[in-house]
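The values are calculated or read from the model by the stated rules, or taken from the named source; none is laboratory data. This structure is a prediction, so every number in the text was calculated from the model and none was measured. Ideal geometry is used to build each Cβ from the backbone, glycine not excepted, and the neighbour counts take in all protein chains shown.
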Amino acid sequence: MIKIGIVGYGYWGPNLVRNFFEVPEKFTVAAVCDMNADRLRAAQLRYPSVRMTSDVHEIINAPDIDAIAIATPVSTHFDLAYRALRAGKHVLVEKPLTSTVEQAEQLVEFAEARRRTLMVDHTFVYTGAVRKMRELVETGELGTLYYYDSVRVNLGLFQHDVDVIWDLAVHDLSIMDYVVGEHPIGVSATGSSHIDGRAENIAYVTMFFESSLIAHIHVNWLAPVKVRRTMVGGSRKMVVYDDVEPSEKIKVYDKGVDVRGPEDIYRRLISYRSGDMTAPQLDIAEALRTEVYEFASAIEQNRKPLTDGEAGLRVVRLLQAATHSMKARGRLVDVSAAKVAHDSVY
């Protein structure tokens, strides 16, 4: 039985507490921490057996707590996670892992040195739809990947501490990191802010790979509709993932182009292939519940979780590269190096 404390009971914290509380065969929710008294009272009414505190040190230093889940603003992630690891706790951190590459690297190294599990809450990786996309890529059903194209837009919610890339694109970057199996070497991003004193609310991020694969992500807080759609195109088949769709979130299309003819490019024939569309059956288990079980399994088996610190570091590296590129009006940023520094913009 793993005793866990949750730090942060704002937007995402209640979901974490509920899922940890509802798997009593793996976890005991020992404590919940939040600086807001009203939130703590709400949590206490729902979970009267759980102790509540506004002192984060009480949870981190508690000898009866084995693990800490952090659901606080990204600017606080590094300090809280580092202190929890130093206290010997296993740590689950809400996305993104940290606000800089250097901080993410330090957490990964420290967790390994302390032999503690460090996991990042890339929730979409644990959905049945995203796992199915990964399966289609791994089995070769899509063929050679040509592109990854994603749109994630809606009206609000404006964040006060991060721009739209760090708020919305982090989801698509974590999905891409899991599905594609290849890591970008260059990032170009553009964006704009339309509200005085606020960070960028619309952005376009393009990523380049060693292969001919190209990825593009569009995120926007000022869209009149909510769109959550990803397309992955391959040489054999193409897949569309629509997270807003209540059913058939994944559709696989047997469509593409075939090139026939001699080596002479002017004599080659291009034909279009249009076959059947299939909607595979998906695992409908709640993604966060699956993630909670993965956290427990990683701790029990002393292994790295699916979305470990390295996965979080890779995503933060792309986020930081995209931010630097956006500030430089789309100039290409090289992310193949271990770190992305300000002088890497060229």
Filtered residues of segment 1-46 (kept if within 25 Å of GLN159 (Cβ to Cβ) and part of a loop (DSSP other than H, G, I, E, B)) = GLY8, TYR9, GLY10, TYR11, TRP12, ASP34, MET35, ASN36
When segment 293-321 is examined, which residues are found to be of a type in the set (A, V, I, L, M, F, W, C), closer than 24 Å to TYR241 by Cα and surrounded by 24 or more Cβ atoms within 10 Å (Cβ to Cβ)?
-> VAL315, VAL316, LEU318, LEU319
Go through segment 129-146 and give me each residue that's among the polar types (S, T, N, Q) and either surrounded by 20 or more Cβ atoms within 10 Å (Cβ to Cβ) or in contact (Cβ under 8 Å) with a residue 12 or more places away in the chain (or both).
-> THR144
Selected residue [part of a loop (DSSP other than H, G, I, E, B) and either modelled with pLDDT under 95 or among the acidic types (Asp, Glu) (or both)] from LEU142, LEU157 | LEU157
Would you say ARG236 is part of a loop (DSSP other than H, G, I, E, B) and at pLDDT 90 or above?
-> yes
Does at least one position in segment 9-17 carry a residue that is assigned by TED's automatic domain parsing to the domain that holds VAL292 and farther than 19 Å from THR72 by Cα?
-> no
Would you confirm whether any residue within segment 194-212 is among the small types (Gly, Ala, Ser), in a loop (DSSP other than H, G, I, E, B) and farther than 25 Å from GLU141 by Cβ?
-> yes
Residues being out of contact with any Ser or Thr (no Cβ under 7 Å at 6 or more places or on another chain) and part of a loop (DSSP other than H, G, I, E, B) - total across segment 291-306 = 4
Check on LYS95, under 30 Å from HIS194 (Cα atoms) and not assigned by TED's automatic domain parsing to the domain that holds MET231 = yes
What are the residues in segment 181-205 that are buried (at least 20 other Cβ atoms within 10 Å of the Cβ) and either free of Cβ contacts under 8 Å to residues at least 24 places away in the same chain or not polar (S, T, N, Q) (or both), if any?
-> PRO184, VAL187, ALA189, GLY191, ALA199, GLU200, ALA203, VAL205
